[in-house]
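The values are calculated or read from the model by the stated rules, or taken from the named source; none is laboratory data. The model shown is predicted, which means the values in this text are computed figures rather than measured ones. Methodologically, a virtual Cβ is constructed for each residue, glycine included, from the backbone with ideal geometry; neighbour enumeration extends over all protein chains shown. We work out accessible area using only protein heavy atoms, side chains counted, and drop any ligands, DNA or RNA first. Shrake-Rupley method; radii C 1.70, N 1.55, O 1.52, S 1.80 Å.
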Amino acid sequence: MIAVRPMMPEDVVVACQILNDIIAIGGTTAFETPFSEALFAQVYLSGADKICCHVALDDQGEVAGFQWLGTHDDLPEDCADIATFTRRAPLLKGAGRALFAETATRAAALGFSAINATIRADNRMGLSYYDKMGFRDYSVAYGVALRDGTPVDRISKRYELKRGRSC
């Protein structure tokens with residue numbers, strides 16, 4: 001069984017390392033530069049746009065991944081934005097599903113009608129994950145330049161929590 005709980009200050013070191021490992025691998029996040037622990041905490045633990053951030057714990061109680069839900073200026077007020085990161089080794093199968101179950105429940109309880117995920121088009125694993133969670137494509141930003149100038153499309157997907165206005 002995978003435990004999911006809100007992120008706490010003591011999770012920052014491990015969660016930041018998970019994100020930085022993913023950034024170092026490349027191709028699966030829009031982030032291209034590593035986070036300091038201070039910046040990570042500012043964004044994911046106490047950011048003004050944060051709605052919630054949960055961690056998934058393995059059977060040893062170690063952080064195996066995290067999921068952030070926040071606001072975004074380009075989205076309607078009733079649509080939240082999501083980001084999901086799980087460690088690559090050792091992989092904890094089901095961590096993303098467990099995180100999303102908690103995040104979606106929280107978003108619906110707070111009155112949101114939809115959740116937006118924007119994923120790099122070359123991130124096959126991320127696109128597949130959000131498809132499996134029930135997200136559906138609704139928009140593409142074509143040719144968004146990486147730091148080195150390489151154009152990569154960004155695919156936006158929507159998950160409907162209830163009837164109402166959507167992203």
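Odds and ends about this structure:
- List H72, H54, ordered by accessible area with a 1.4 Å probe, largest first: H72, H54
- Computed over the stretch 80-167, Cα set: Rg, Dmax in Å: 14.1, 41
- Answer label for mean projected area of the Cα convex hull in nm² (calculated), chosen among [x] 9.3; [y] 10.9; [z] 8.4: [x]
- Straightening the chain between A3 and V144 buys 47.1 nm, computed as 0.36 nm per residue apart minus the Cα-Cα spacing.
- Using the Cβ-Cβ distance between R97 and S46 with R0 = 25 Å, the FRET efficiency computed as 1/(1 + (r/R0)^6) comes to roughly 0.40.
- For the stretch 12-167, DSSP calls about 90 percent of its internal beta bridges antiparallel.
- Among the protein heavy atoms of the chain, carbon and sulfur supply 53% of the accessible surface, probe 1.4 Å, non-protein parts ignored.
- Using a probe of 1.4 angstrom and keeping all protein chains present, the accessible surface of the chain works out to 53 square angstrom per residue.
- Largest GNM mean-square fluctuation across D73, D49, D148, computed for the chain with C-alpha springs under 10 Å, falls on D148.
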